[in-house]
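The values are calculated or read from the model by the stated rules, or taken from the named source; none is laboratory data. This structure is a prediction, so every number in the text was calculated from the model and none was measured. As a convention, Cβ positions derive from the backbone with ideal geometry for all residues, glycine included, and neighbour counts pool all protein chains shown. Note: accessible area is taken over every heavy atom of the protein model, side chains too, but ligands, DNA and RNA are not part of it. Shrake-Rupley method; radii C 1.70, N 1.55, O 1.52, S 1.80 Å.
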Amino acid sequence: RYCQIGAPFFCVDRAAHGSGMDGGFAKYCAARQDVVFPLPENLGLQAGALCEPLACSFQAVCELTVIDPGDVVVVSGPGPIGIMCALLAGLRGARVVLLGTPEDADRLASARRLGVERTVDVKTENTKEIIADLTQGYGADVVFECAGAAASAAQCLDLVKKMGRYTQVGIFGTPLQLNFDQVVIKQLRLQGSMCHTWETWERTLRFLRQDLLDLHPLISGRLGLSHWEDAFQNVLAKKGIKYLLYPEE
């Protein structure tokens with residue numbers, strides 16, 4: 001049923017590279033023709049490697065969530081997906097505030113260099129006051145939770161305005177407790193976003209053909225496959241954004 005409506009990610013028999021079958025950590029990888037998309041001519045292989053996470057962000061920001069020009073959008077979690085969501089929301093005409101912790105200092109700085117209007121360290125700055133100042137006290141029009149952390153989700157529910165929009169992108173990996181009454185009391189539009197569809201891929205590639213977003217600055221390092229552990233350790237330490245692993249001769 002899900003395959004027929006263009007949402008194969010939810011297929012009960014789904015097997016994808018790296019999930020259910022051998023992935024791409026090899027010099028060569030065979031793929032079915034129907035899951036291969038030609039890259040736009042203006043996009044090189046390195047930036048092309050970021051099409052998949054961008055498609056995830058594109059679905060959340062551009063397909064599933066209503067964002068109007070001038071909206072104040074809060075994105076919590078400055079990982080690769082969070083930064084991409086923030087950049088896409090900015091391209092839709094929103095005023096974007098990206099939240100992180102002291103451990104995210106390097107990523108928040110990178111996000112500012114990439115064009116995110118405002119970043120906030122939630123441990124050292126009064127986040128609620130900052131959002132109140134930007135919204136005449138009403139709260140954010142839209143929030144994206146991209147950290148997959150209970151404290152982040154609780155803060156997003158607190159920061160979003162009455163009748164606002166909340167989109168959950170991060171995965172917690174464990175049950176959590178939240179004041180879910182806020183969804184009712186504030187009459188929120190609550191939306192989850194998981195991966196992407198084939199149509200999302202097509203739209204994302206059409207978007208990239210317009211050269212509105214440069215993906216290269218998101219690549220913090222390029223390492224051979226034999227050095228994969230170094231890349232993983234950097235990611236776990238929140239050093240950099242994305243690392244490109246390439247086959248070695």
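The GNM of the chain, with springs linking C-alpha atoms under 10 angstrom apart, assigns the highest mean-square fluctuation among V169, V183, V36 to V36. Element breakdown for segment 11-106 at a 1.4 angstrom probe: carbon and sulfur atoms account for 54% of the accessible area. Estimated at 0.36 nm per residue, the fully extended path between E125 and Q233 surpasses their Cα-Cα distance by 36.0 nm. Among complete DSSP H helices in the chain, those whose alpha-carbon atoms stretch at least 15 Å along the helix's long axis and whose mean Kyte-Doolittle hydropathy reaches -1.0 are 80-91, 198-208. Please say if segment 150-202 is rounded, prolate or oblate, where rounded means a/c under 1.5 for a ≥ b ≥ c the square roots of the C-alpha gyration tensor eigenvalues, and otherwise the choice is prolate for a/b larger than b/c and oblate otherwise? Oblate is the answer for segment 150-202, as a/c is 1.5 or above yet b/c matches or exceeds a/b. Under the combined filter of DSSP loop state and at most 11 neighbouring Cβ atoms within 10 Å, segment 116-210 retains these trypsin sites (Lys or Arg not before Pro): K123. What part of the accessible area of segment 142-203, given as a whole %, is carbon or sulfur when the probe is 1.4 angstrom? Carbon and sulfur atoms account for 55 percent of the accessible area of segment 142-203.
Compute the Cα gyration tensor for the chain, then decide on rounded, prolate or oblate, letting a ≥ b ≥ c be the square roots of its eigenvalues: rounded whenever a/c is under 1.5, prolate when a/b is larger than b/c in the other cases, and oblate in all that remain. It is prolate, given that a/c is not under 1.5 and a/b is the larger ratio.
Averaging Cα coordinates gives a centre for segment 82-152 and one for segment 185-249; these two points are 18 Å apart. If R0 is taken as 35 Å, the Cβ-Cβ distance between D106 and E52 corresponds to a FRET efficiency of 0.90. Per-residue SASA remark: H17, around 80 Å² accessible (1.4 Å probe; ligands, DNA and RNA not included). Pairs exceeding 28 Å between alpha-carbon atoms, taken from K186/K238; K128/K242; K123/K238; K123/K161; K186/K239: K186/K238; K128/K242; K186/K239. Taking every protein chain into account, the accessible area of the chain amounts to 56 square angstrom per residue (probe 1.4 Å). By a 1.4 Å probe calculation restricted to protein chains, E202 has an accessible surface near 90 Å², given to the nearest 10.
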